[in-house]
Amino acid sequence: MRGIKTIITPSACALGALALLAGSAWAQSGSQVTLSGIADAAVRHVKNEGRGGVSSLVSGGNSTSRIIIRGSEDLGGGLSAGFHLEHGILLDSGTQASGTMFWDRRATVSLVSKQFGELRAGRDFVPSYSNWSRYDPFSYVGVAGANIFVSATPQGPLRAAFGSGANSTVRSSNALQWLLPAGLGGIEGGLMLAAGEGGTAANGQHKLAGARVGYANKSFNIAAAYTRSENNLTGSDALDDWALGGSYNFGPLRASLAWRQFKLGAAKQTQTLLGAWVPLGPGQLKLSWNRVDLQGRVGNTAIDRNDADQLGLGYVYDLSKRSALYATVARVANKGGASYAVPGGASGMAGGGDSTGVELGMRHNF
C-alpha cells in the first residue's frame, strides 16, 4: 500500500489504520484489503449575472475527493465475498463531504459468483445515475458537470418529490442489488430494490426500484435504465427517472449522446447531453453540451419555458498514471424564469441570467 499524504479527518485516519492492520491479518488467509482514494483540489472563479464574481478553493473539480477501503476473499468454486466503503472528503476545508453520513459515497457488502453474478447490499448508485453519468465527459463534477441541472431548487418534479431532503437521483441507501455476471458477450445490467423503512423524504428515506441493461464492446456501448422513487411527498404517485445513452469511439474522438427524464404527475424535466473526449498530446480534451427542458405543472404552478443550456470545455494534462493537472470552463444560459448556476457563485441570480465558471486544479489518485 502507498502512503497517504493528504490531510484527512481523525476518524478517517483511525479507519485507515484499522484497514492496514486488517489487511496484514487477512493477507495470511488469502483475503485482501486495500486502501485507496483520490485527492482533488481546484481554484475556481464563478460569475453570476447581476451578482458579481466569487473566487474560491474547491474540492473535486475533476473527480470527487474520497477515501476507499475495499476487501475481498476468494471462497473457491467461482465464489468470492467482499465489501466496499467510500468516504467523501473536502480538501479545501479538511472536513467530510456529508454532514449526516460518513460512508456517504458507498457502503456495500457483496457475494459474487462468476456464473450467476453479484448480490450486493447497502448504499450505492441508482441505475439511472450509473447510466447517465457514464456519458458525461466531466463525470458529474466541476463547473461543467451534468449535475448542475439535477437540482431540487427550482419548481419542478425533483423539488416536488424530495423537498429539501436527500434525494435518490444519485444514490440509494437500504438497497439490495443483483448485477449480471461478466462474460455474457458484452451484455451488462442489474436490478436494485430499496425499502423506505417507514421513513420520510426529509430523512432521505425512499422506496425505490430500478433496473439497467446495456451492451458494450471496445468501440461502442448503449444502455437504458429506469428508477422509480416513492416517499411521503409523492403520495400515491412516484418519481419516474429514465436514462438512455450511448457512445462510439471514432478513433480520433469518442462521442456520447444521452437523455434523462424525471416525471412526477404532470411535471417533467428532460435533459439532453452531447459529449466528446479527444486525445490531445499527453492528455485529453473534453467537450459537452447539456440542455434542460421543464414542462407541465406542479400544482397550479406552470413550469414551462424555465429552460437552460450548459456548455463545457476542459483539458486534463496527465503528469503520470496517477497524477494530473486540469482546466475547465463552463457557461450556463438560462431562459424564462430559470436561474441555474455554476456551483460556487453568489446566490440570488435573477431568472434568465447567465452564469460562467472557470477552474484550474490538480488530482492525485493514491
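Some observations on this one:
- At full extension, ALA182 and SER56 could sit 41.0 nm farther apart than now, given 0.36 nm per residue minus the alpha carbon distance.
- About its Cα centre, the stretch 168-292 has a charge dipole of approximately 400 debye under the convention of +1 per Lys or Arg Cβ and -1 per Asp or Glu Cβ, with nothing else charged.
- Computed magnitude of the charge dipole of the chain (debye, nearest 20; Cβ of K, R +1, Cβ of D, E -1): 400 debye
- The GNM of the chain, with springs linking C-alpha atoms under 10 angstrom apart, assigns the highest mean-square fluctuation among GLY199, GLY352, GLY122 to GLY199.
- The stretch 302-360: C-alpha gyration tensor shape, a/c 1.5 cut-off, then a/b vs b/c: prolate
- Options PHE250, HIS45, SER31, ranked by Cα towards positive dipole end of the chain, top entry (Cβ charges): PHE250
- Net charge dipole size for the stretch 182-245 [Lys, Arg +1 and Asp, Glu -1 on Cβ; Debye, nearest 20]: 240 debye
- Our analysis of the chain gives Rg over Rh at 0.96, with the two radii drawn from alpha carbon positions and Rh computed by the Kirkwood formula.
No lab work stands behind these numbers, since they all come straight from the coordinates. From a predicted model like this one, the values you see are computed outputs, not experimental measurements. Counting neighbours? That spans all protein chains shown, and the Cβs are built from the backbone with ideal geometry, glycine included.
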